[in-house]
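Peer 1: Okay, handing you the structure first.
Bear in mind these aren't lab numbers, they're just calculated from the coordinates by the rules spelled out. The shown structure was predicted, so the numbers you read here are calculated from the model rather than taken from an experiment. Neighbour counts are summed over all protein chains in view; Cβ atoms, including those assigned to glycine, are modelled from backbone coordinates with ideal geometry.
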Amino acid sequence: MIKIINTTDAPQAIGPYSQAISANGFVFVSGQIPINPKNSEILRGTVTEQTDQVLRNLQTILKEAGTSLEKVVKTTVYLNSMNDFEEMNKKYGEYFSSTKPARATVEVGRLPKDVGVEIDAVAII
């Protein structure tokens, strides 16, 4: 069974996709960028601040799906510049200190809304 996950406590999708989909015991969370869900504004701060907002958004969506960051098994981190890797990685480590999911980190030419970081995730329920 496929279930669409949607919460008003996280940024709404900015295109024809869902915040997340639950299927067969997994939750697939769409890439999150640093949008403040309270006012829908893009956070233009440091990569540390942007990563923090992105992970809070992921956390909120996972909670709505009935799971948590502790049950994330895979993430993909997209960076505007690999020069920001260390800064992103430090903040990311604060959220994934006990469980460390598999991860890929890639530098991309451009991200939606010209942000510095985007992260998607797969979790178990």
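Peer 1: In debye, nearest 20: dipole of the chain around its Cα centre with unit charges on the Cβ of K, R (+) and D, E (-)? Don't skip to the answer; put the middle values down first.
Peer 2: Working: 13 positive and 14 negative charges, 67 e Å.
The calculation lands at about 320 debye.
Peer 1: Longest segment of the chain with no trypsin sites (Lys or Arg not before Pro) in a DSSP loop having at most 16 other Cβ atoms within 10 Å?
Peer 2: Working: sites that count: LYS38, ARG44, ARG110.
Answer from the scan: 45-109.
Peer 1: Using +1 at the C-beta of Lys and Arg and -1 at the C-beta of Asp and Glu, which of SER97, VAL72, PRO112 has the Cα lying farthest in the positive direction of the dipole of segment 47-125?
Peer 2: With unit charges placed on the Cβ atoms, the residue in question is VAL72.
Peer 1: Over the chain, what is the relative contact order in percent, taking alpha-carbon pairs closer than 8 angstrom and at least six residues apart? Intermediate results must be reported in sequence, preceding the final value.
Peer 2: Details: 255 pairs, mean separation 39.9, N = 125.
In percent, rounded to a whole number, it is 32.
Peer 1: With only Lys, Arg, Asp and Glu charged, each at its Cβ (+1 for the first two, -1 for the last two), find how big the charge dipole of segment 63-122 is about the Cα centre; round to the nearest 20 debye. Present the calculation step by step, with values, prior to reporting the outcome.
Peer 2: Values: 9 positive and 10 negative charges, 45 e Å.
The calculated dipole for segment 63-122 is roughly 220 debye.
Peer 1: Each residue of segment 79-91 in order: what ³J(HN,Hα) in whole Hz does its phi give by Karplus 6.51 cos²θ - 1.76 cosθ + 1.60, θ = phi - 60°, with x for Gly and Pro?
Peer 2: With coefficients 6.51, -1.76 and 1.60, one gets 10, 5, 8, 5, 5, 8, 4, 4, 5, 5, 4, 4, 5 Hz.
Peer 1: Using only Cα atoms, what is the ratio of the radius of gyration of the chain to 2.2 N^0.38 Å?
Peer 2: Working: Rg = 13.4 Å, N = 125, 2.2 N^0.38 = 13.8 Å.
Rounded to two decimals, the normalised Rg is 0.98.
Peer 1: So which of LYS3/LYS90; LYS38/LYS71; LYS71/LYS91; LYS71/LYS113 end up more than 24 Å apart, counting from Cα to Cα? Provide the component values of the computation, followed by the final result.
Peer 2: Values: LYS3/LYS90 33 Å; LYS38/LYS71 26 Å; LYS71/LYS91 18 Å; LYS71/LYS113 29 Å.
Listed pairs above 24 Å: LYS3/LYS90; LYS38/LYS71; LYS71/LYS113.
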